Amino acid sequence: LVDFFVEPTTFYLVMDFMEGGPVFDRVLEKHFYTEADARVLAGKILRAVSFMHAHDVVHRDLKPQNILLCSADDDTDVRIADFGFAAVVRPGIDADGNPTRRVLKQRCGTPSYVAPEVISGGGYDQAADMWSLGVIFYFLMGGYPPFVDYESRQGMFRKIMAADYEFHESDWRGVSPSAKDFIRRLLTLNPDMRLTASDALRHGGAIPPQFR
């Protein structure tokens, strides 16, 4: 937000102009991102998410439609948008009387990007954003989402709850084992075993050194 103006019948918000539109549309145009471009983009996104998480904020609706490109001529200069579902995580106490950060219960977000723990309703924290990033990075390099069921949303949710996805050889043969490992460690069912944003920035082959 750059500025705002209040007039008798209108309230104006002046915001950055994201000329390039959403990353989702850019992927549709390009069919997929090269691994080199995806690495640069991942570094920028993860630095922003790491900042949010360090300040106890969880976005809860990370998806390519909410990552906006600053320029029509640059595939990796981005801003994260749409914090309508964002929340502050305040530590609480679980049913056994132990401290926990998994205090969020609301089922929200975009179905194909939500984490398993959001679907189950058992409580979640910032780790839910990291699952969403795993889906985003899979989409960037594969050109299609990892969890698809054309018959029903419940079928898609069952695939998410089982982490039922694969790297199809015809689409992923040019992607390095390191990049695939990076995605696997984000699309991990156990939130405790999932990469944090700071861990992801240190992943050996995924993020260029200038973004760590």
**Item:** the chain - accessible surface per residue (Å², probe 1.4 Å)
**Value:** 53 Å²
**Fill in**
Full extension between LYS180 and GLN154 adds, at 0.36 nm per residue less the Cα distance, a length in nm of 6.7 nm
**Prompt:** Separation between the THR100 and ASP25 pseudo-spin-labels, each 7 Å from Cα along Cα→Cβ, expressed in nm?
**Reply:** 4.1 nm
**Complete:** Residue by residue through region 160-166, the couplings from Karplus 6.51 cos²θ - 1.76 cosθ + 1.60 with θ = phi - 60°, in Hz, x for Gly and Pro, are 4, 5, 9, 6, 8, 8, 8
**Among 33-41, 95-103, the order from most to least packed when residues are scored by Cβ within 10 Å on average** = 33-41, 95-103
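Give the carbon-plus-sulfur fraction of the accessible surface of the chain in %, rounded to a whole number; probe 1.4 Å, heavy atoms of protein chains only.
53 percent
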**Prompt:** Whole-Hz Karplus ³J(HN,Hα) for region 30-42, in order, using 6.51 cos²θ - 1.76 cosθ + 1.60 and θ = phi - 60°, x for Gly and Pro?
**Reply:** 8, 6, 6, 8, 5, 4, 4, 5, 5, 5, 5, 4, 4
**Message:** Straight-line reach from LYS105: which lysines fall under 25 Å, measuring Cα to Cα and dropping same-chain residues less than 8 apart?
**Reply:** LYS63, LYS159
**Message:** Give me the net charge for the shell around MET193: Cβ to Cβ below 11 angstrom, other residues only, Lys and Arg +1, Asp and Glu -1.
**Reply:** +1
**Request:** Would you grab the residues whose amide H sits under 5 Å from the one on VAL78? Only those 5+ places off in sequence or on another chain, please, with H modelled 1.01 Å from N.
**Result:** CYS70
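Given a Förster distance of 25 angstrom, what is the FRET efficiency for CYS108 paired with VAL2, based on the Cβ-Cβ distance and rounded to 0.05? Please list the in-between numbers first.
Working: r = 28 Å, r/R0 = 1.11.
With a Förster radius of 25 Å, E is 0.35.
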**Prompt:** Based on the Kirkwood radius over alpha-carbon pairs, what value in µm²/s does the Stokes-Einstein equation return for the translational diffusion coefficient of region 49-114 at 4 °C and 1.567 mPa s?
**Reply:** 94 µm²/s
**Request:** Put one equal scatterer on each alpha carbon of region 16-83, apply the Debye formula with no solvent term, and list log10 I(q)/I(0) at q = 0.11, 0.15, 0.18, 0.29 1/Å to two decimals.
**Result:** -0.25, -0.46, -0.66, -1.40
**Prompt:** Tell me, what HN-Hα J-couplings in whole Hz come from the Karplus equation 6.51 cos²θ - 1.76 cosθ + 1.60 at θ = phi - 60° for each residue of region 124-140, using x for Gly and Pro?
**Reply:** 8, 9, 4, 4, 4, 5, 5, 4, 4, 5, x, 5, 4, 5, 4, 4, 4
**Relative contact order for region 97-153, counting Cα pairs under 8 Å that sit 6 or more residues apart, in percent** = 29 percent
**Prompt:** For the peptides 156-166, 84-94, 125-135, what is the packing order when you average, over each peptide's residues, the other Cβ atoms within 10 Å and list the highest mean first?
**Reply:** 125-135, 156-166, 84-94
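Over 23 Å apart: what share of the alpha carbon pairs of the chain falls there, rounded to a whole percent?
Of all Cα-Cα pairs in the chain, 47 percent lie more than 23 Å apart.
The values are calculated or read from the model by the stated rules, or taken from the named source; none is laboratory data. Remember, predicted model here, so these are calculated numbers, not experimental data. Here Cβ is always computed from backbone atoms with ideal geometry, including for glycine, and neighbour counts include all displayed protein chains. Just the protein is used for accessible areas: all its heavy atoms, side chains included, with ligands, DNA and RNA removed. Shrake-Rupley method; radii C 1.70, N 1.55, O 1.52, S 1.80 Å.
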